[in-house]
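The values are calculated or read from the model by the stated rules, or taken from the named source; none is laboratory data. Not measured: the values here are computed from a predicted model. We place every Cβ from the backbone using ideal geometry, glycine too, and count neighbours over all the protein chains shown. For the accessible areas, the whole protein counts, side chains as well, though only heavy atoms, and no ligand, DNA or RNA atoms are used. Shrake-Rupley method; radii C 1.70, N 1.55, O 1.52, S 1.80 Å.
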Amino acid sequence: MKYVFGPVPSRRLGLSLGVDLIPPKTCSYDCLYCQIGKTTCKVIEPSAYVPGEAVVAELDETLAKVKPDYVTFSGSGEPTLHVELGRIIANVKGRTGVKVAVLTNGSLLYRPEVRERLLKADMVMPTLSTVKEETFRLIHQPHDDLSVSRVIEGLKSFRKSYRGRLFIEVMLLAGFNDRDEEIEALRHVILEIAPDRVQLNTVVRPPANAKAIPLDRTRLEYIKRVFGERAEIIATAPIRDKQHFRGTLSDAVLEMARRRPVTVEDVAGALDAPLFEVDKAVKALVHKGQLREQTHLGKDYYTA
Ligand code: SF4
């Protein structure tokens, strides 16, 4: 499979079948905390980055065999950059009835056609981490034509027309957007947008830039109280479901590690496989040069 991956356990969506519509690393942002790596193609013009028909064919084939909780559009870049996103979502909903989620940075919602493409999704999860232009540019290193006011206007317009569930993710970085005045200004704007939930996150996996430092639990808990009852902390939330993998254990490890850095425990938990077997498979893949190892905050992560 080239465009469909998993199903993999998701911290937010249970068993999630991923769809990757954008080649790495194409995005409108170049976030310090990105776990995929540095953006090599920074764009804001939607296009058919991969063939829509091929994506639909892979989805049909996979959904005939597995029943995920969600089909989730995320992956190696910003999914709303794909011009056929709306048609592919409609296809999944029409043919299978499986729920659809879209993880987006939200930067293109100022465009009416991008908002339109998302209307059939059951859940849309955009990011809004600051309302200050300077902080926005430092954290997200956006395309020159984007501004935080444009992103906020897009989110407000989308909320007015969208009938599904809107979860705003706030990515918190120590020393960037964790000061009281930042949080208060952000809280105010998020109240105006009125999402169903506010999900507080921090840097859990190895980031693209070492300047991205996570917040500690005490500060996260404090910020959660500031945001009120709709807020929850999603960083390091436990994995709920088990993945039903196809092929060998090594294939499954590689499939997970291709999408994001994983630990041996992540893989064992996701696949419901014994830790020692996963450890053995991971070591063999490292030895063959098929996995790269890096240590982040005292934990070993593996990337394919
Ligand atoms: S974290 Fe998301 S929005 Fe930011 S650069 Fe990576 S893919 Fe793009």
message: Restricting to segment 172-196, count the residues that are under 23 Å from ARG12 (Cα atoms) and open to solvent by 40 Å² or more (accessible area, probe 1.4 Å).
response: 4
field: Pairs where the first residue, in segment 29-51, is of a type in the set (Asp, Glu) and the second is within 6 Å of the ligand (Cβ to nearest atom) and in a loop (DSSP other than H, G, I, E, B), C-beta under 8 Å, 6+ apart
entry: ASP30/THR39
Per-region count, segment 122-165, residues surrounded by fewer than 19 Cβ atoms within 10 Å (Cβ to Cβ) and part of a strand (DSSP E or B): 1
- prompt: Right, LYS42: open to solvent by less than 30 Å² (accessible area, probe 1.4 Å), within 12 Å of the ligand (Cβ to nearest atom), in the same structural domain as ARG115 (by TED's automatic domain parsing) and not aromatic (Phe, Trp, Tyr) or not?
  reply: no
task: List the number of the failed condition for LYS2; all other conditions in (1) at pLDDT 90 or above; (2) of a type outside the set (Val, Ile, Thr); (3) open to solvent by 30 Å² or more (accessible area, probe 1.4 Å); (4) more than 16 Å from the ligand (Cβ to nearest atom) hold.
output: (1)
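Determine, yes or no, whether ILE183 is assigned to a helix (DSSP H, G or I), closer than 22 Å to GLY228 by Cβ and of a type in the set (A, V, I, L, M).
Numbers: assigned to a helix (DSSP H, G or I): yes; closer than 22 Å to GLY228 by Cβ: yes; of a type in the set (A, V, I, L, M): yes.
Here the answer is yes, as ILE183 does meet what is asked.
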task: With the condition kept exactly as written, say whether any residue in segment 58-81 is more than 16 Å from the chain's Cα centre (by Cα) and within 16 Å of the ligand (Cβ to nearest atom).
output: no
- line: Scanning segment 92-112 residue by residue, the ones that are over 25 Å from LYS156 (Cβ atoms) and touching a Leu at 6+ places or on another chain (Cβ under 7 Å) total 3
query: Counting just the residues of segment 88-121 that are open to solvent by 40 Å² or more (accessible area, probe 1.4 Å) and in a strand (DSSP E or B), which one comes out nearest to the ligand (Cβ to nearest atom)?
result: LEU103
message: Every residue in segment 5-29 that is part of a loop (DSSP other than H, G, I, E, B), within 11 Å of the ligand (Cβ to nearest atom) and open to solvent by 10 Å² or more (accessible area, probe 1.4 Å), please.
response: PRO24, LYS25
- prompt: Does segment 59-72 hold any residues that are over 19 Å from LYS120 (Cα atoms) and open to solvent by 30 Å² or more (accessible area, probe 1.4 Å), and which are they?
  reply: GLU61, ALA64, LYS65, LYS67
query: So which helices (runs of 4 or more DSSP H) are wholly in segment 212-304 and hold at least 3 residues that are modelled with pLDDT of 90 or more and open to solvent by less than 50 Å² (accessible area, probe 1.4 Å)?
result: 217-227, 275-287
task: Could you grab the pairs with beta carbons closer than 8 Å, sequence gap of 6+ or different chains, first residue in segment 263-292 and assigned by TED's automatic domain parsing to the domain that holds THR248, second one loosely packed, with under 14 Cβ neighbours inside 10 Å and in a loop (DSSP other than H, G, I, E, B)?
output: ALA268/PRO274
- request: Go through (1) more than 16 Å from the ligand (Cβ to nearest atom); (2) closer than 26 Å to PRO112 by Cα; (3) out of contact with any Leu (no Cβ under 8 Å at 6 or more places or on another chain); (4) in a strand (DSSP E or B) and name the single condition GLU53 misses.
  value: (4)
